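Read through the structure below, which is laid out as structure tokens, and then see the notes.
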């Protein structure tokens, strides 16, 4: 199975697993089984996942970058589903949230990256996709999202607030390290 096929397989499996986990949590909480949809975002890079518990149906959004770099890490995927599904019932990381996660085999669950770091679960980070360089003040900023042409045109320098930044992709561009100097 090539990486694209594996990613699609894992996405489909995550949708099935999320519905199953939410059903188990609904029984524990004594409430009707809420409908849940799992979506995937290429733009979600600072968080591994998000839960939109206020939407109907509830929506769990997963970072494609984090998922792609952890396809062979079932512990990561399982804990991610449990963590985000628990937010449907308890929006914060309080004691009820932790108790619900513990009931499904994830004791001491809390803010995701902190908990995983403490328990030595390796989460592969998202690599920088490129750099923006300001032609006016020479400030270089890293981006973890491959920008569209529209985003490149609209992006402002964080230092001098000018538009017209130049985008340099990290991969395949031998000059990207020279830009940081």
Task: Single condition residue 29 does not satisfy, out of (1) modelled with pLDDT of 90 or more; (2) closer than 30 Å to residue 151 by Cβ; (3) touching a helix residue (DSSP H, G or I) at 6+ places or on another chain (Cβ under 7 Å) - done: (2)
TODO: Among the residues of segment 91-122, count how many are surrounded by fewer than 18 Cβ atoms within 10 Å (Cβ to Cβ) and modelled with pLDDT under 80.
DONE: 12
TODO: With the condition kept exactly as written, say whether any residue in segment 48-64 is in contact with a helix residue (DSSP H, G or I) (Cβ under 9 Å, 6 or more places away or on another chain), loosely packed, with under 15 Cβ neighbours inside 10 Å and assigned by TED's automatic domain parsing to the domain that holds residue 106.
DONE: no
TODO: Confirm whether residue 88 is surrounded by 17 or more Cβ atoms within 10 Å (Cβ to Cβ), at pLDDT 90 or above and over 25 Å from residue 5 (Cα atoms).
DONE: yes
TODO: Identify, by number, the condition in (1) farther than 27 Å from residue 147 by Cα; (2) part of a helix (DSSP H, G or I) that residue 8 doesn't meet.
DONE: (1)
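Hey, does segment 34-41 have a residue that's within 18 Å of residue 101 (Cα to Cα) and surrounded by 12 or more Cβ atoms within 10 Å (Cβ to Cβ)? Steps first, please.
Residues of segment 34-41 that are within 18 Å of residue 101 (Cα to Cα), as a first pass: 34, 36.
Then keep just the ones that are surrounded by 12 or more Cβ atoms within 10 Å (Cβ to Cβ); that gives 34, 36.
Yes: one or more hits.
The values are calculated or read from the model by the stated rules, or taken from the named source; none is laboratory data. Quick caveat: nothing in here was measured; it's all calculated off a predicted structure. Reconstructed Cβ throughout: ideal geometry from the backbone, glycine too, with neighbour counts over all protein chains shown.
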